[in-house]
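The values are calculated or read from the model by the stated rules, or taken from the named source; none is laboratory data. Since the model is a prediction, treat every value here as computed from it, not as a measurement. Reconstructed Cβ throughout: ideal geometry from the backbone, glycine too, with neighbour counts over all protein chains shown.
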Amino acid sequence: MNGKLSWKSKLSFGMGAFGKDMVYAIVSTFLMKYLTDVRLVDPAFVGVLFMAARIWDAFNDPFMGMVVDNTRSKWGKFRPWILIGTILNAGVLILLYLDVDLPATQYAIYVAVMYVLWGMTYTVMDIPYWSMVPALTDNENERSQVSAIPRFFASMAWLVVGSGGLYIVKYMGDGDQILGFSRFAIGVALIFIVTILLTVFNTKERVVATVGTGEKTTVKQMIKVLAKNDQVIVIMLIALLFNVGYQLANSFALYYFEYVCGVKENLFAAYTGVAGFAQMGALALFPVISQKINKKVIFAVASLLPVVGFIMLLAVGYIAPTSILLVGLCSVIVNIGIGFMLVLITVILSEVVDYGEYKLHTRNESILFSTQTFVVKFAGAFSGLISGVGLKAIGFEANAVQSAGTIAGMRIIMIVIPAILSLLCLVVYKKGYKLNDEFYHHVLAVLRGEKTEETLTK
């Protein structure tokens, strides 16, 4: 494909991630704490709800991918669904945090329905959004930029929501947390709609399938696409391990800094604020670094830095638990690695799309990227399950002084588990991923018609 993407297109595409990740961040970071500590919903129920909703997603996410791949319109196959999903998801987000006065049982049912709908409508928008990445360009350097820019804006969104969320809630609610969260959700929903409009009107797909352009994707073909592409399971496992660890640490940080360290707002704001800047720095550097350093090396760094940072955070929790400086330093180390990993997963999944077309002679961006959407949401739910059931198991009591055993359990959930999962990412990558260097360049050359499948030297 000739020509480069304009910066207008790149930035407009990236801005969409700012809005959609603000939505994801307010749910991932605050919903469990909001339900358990503000609405006093049983934490085990919340954990099971989060998990059950993602089991449902296991069925509807790939089907949404199939729907998108079968879409034919003058706007392309991605943008109509991005816009529809955004409007629906923004509305459900408002309802999820709505100040409804219901008895405990009825409220539990209400929030369960809203949370399931939130996940489904997020799928409608998120799958076509990320599916556009390999359809925007097939140039490796351009693709690195296109993958990094939305991740940069996404990290900015997490920075805003994470570091400023509690202060925004306090200000907007004037001491009423329920009202504060409700108004915060409305604001996030409006930002979401505005940023996605920039994406929809200023970007369009430029890479199309070389074969099978008129064919509709069937359920049988969808299963084939997922089952026959041997690299799908590798990237899914990497994404699952990474996201469970990443989201577990994010969602549990509020509990950790309040009950283990004894300081909630300042330490949490410092940890998440520094995290956002560290991720944004890593994402800004990635396109440059990727041209000079082998992807294998970058992946190793991305996997090991969080391990080092979490070990340091564990030590700080004993030595100086209230030190903003030391907590911030740990966050920098953890989140530089996370920033690299975020863009690496998107780049790798784009390569898996190319490999799928090379191997199966059909291009299915949305079906394959639906695996990422499912994994991200499943990881959020699984981390929620670990948090909710874990809190119950270690004897947690909301708004109370915790026992020594409960404190130790919180350290394991917040630090030890994410560190182990990050290390496992590297193990899976080294053992299973094969689209590096010569072989992947051969795949691209075949797709461009520059080589035949028989020309690869072994």
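Could you tell me whether any residue of segment 92-112 is buried (at least 23 other Cβ atoms within 10 Å of the Cβ), modelled with pLDDT under 90 and touching a Phe, Trp or Tyr at 6+ places or on another chain (Cβ under 7 Å)? No, segment 92-112 contains no residue that is buried (at least 23 other Cβ atoms within 10 Å of the Cβ), modelled with pLDDT under 90 and touching a Phe, Trp or Tyr at 6+ places or on another chain (Cβ under 7 Å). Within segment 137-190, being charged (D, E, K, R), part of a helix (DSSP H, G or I), over 21 Å from the mean Cα position of the chain (by Cα) and closer than 24 Å to residue 436 by Cα holds for 140, 142. When residue 395 is tested against (1) surrounded by fewer than 19 Cβ atoms within 10 Å (Cβ to Cβ); (2) in a helix (DSSP H, G or I), only condition (2) is not met. For beta carbons closer than 8 Å, sequence separation of 6+ or different chains, a first residue in segment 81-102 that is free of Cβ contacts under 8 Å to residues at least 40 places away in the same chain and a second that is in a helix (DSSP H, G or I) and buried (at least 20 other Cβ atoms within 10 Å of the Cβ), the qualifying pairs are 88/121; 88/124; 88/125; 92/118; 92/121.
Being closer than 18 Å to residue 176 by Cα and either surrounded by 18 or more Cβ atoms within 10 Å (Cβ to Cβ) or not β-branched (Val, Ile, Thr) (or both) is the requirement here; does residue 10 meet it? Working first, answer last.
On the way: closer than 18 Å to residue 176 by Cα: no; either surrounded by 18 or more Cβ atoms within 10 Å (Cβ to Cβ) or not β-branched (Val, Ile, Thr) (or both): yes.
Judged against the criteria, residue 10 is not a match.
Cβ-Cβ contacts under 8 Å between residues 6 or more apart (or on different chains), taken from a first residue in segment 253-275 that is in contact (Cβ under 8 Å) with a residue 60 or more places away in the chain to a second residue that is among the acidic types (Asp, Glu), are listed as 264/258; 268/258. Taken over segment 356-377, residues that are under 27 Å from residue 85 (Cβ atoms), surrounded by fewer than 24 Cβ atoms within 10 Å (Cβ to Cβ) and of a type in the set (Phe, Trp, Tyr) amount to 0.
Step by step: first the residues of segment 30-59, then only those that are under 20 Å from residue 125 (Cα atoms) and not small (Gly, Ala, Ser), then the one that is surrounded by the most Cβ atoms within 10 Å (Cβ to Cβ). Which residue is that? Walk me through it before giving the result.
To start, the set of residues in segment 30-59 that are under 20 Å from residue 125 (Cα atoms) comprises 50, 53-59.
Now narrow it down to the ones that are not small (Gly, Ala, Ser): 50, 54-57, 59.
Details: 50: 28, 54: 23, 55: 10, 56: 14, 57: 24, 59: 9.
The residue in question is 50.
Scanning segment 383-415 for residues being closer than 19 Å to residue 29 by Cβ and either among the hydroxyl-bearing types (Ser, Thr, Tyr) or touching a Lys or Arg at 6+ places or on another chain (Cβ under 7 Å) (or both) gives a total of 2. In segment 291-305, the residue that is nearest to the chain's Cα centre (by Cα) out of those that are over 16 Å from residue 428 (Cα atoms) and in a helix (DSSP H, G or I) is 305. Would you confirm whether any residue within segment 345-354 is in contact (Cβ under 8 Å) with a residue 12 or more places away in the chain, touching a Gly at 6+ places or on another chain (Cβ under 8 Å) and assigned to a helix (DSSP H, G or I)? Within segment 345-354, none of the residues are in contact (Cβ under 8 Å) with a residue 12 or more places away in the chain, touching a Gly at 6+ places or on another chain (Cβ under 8 Å) and assigned to a helix (DSSP H, G or I).
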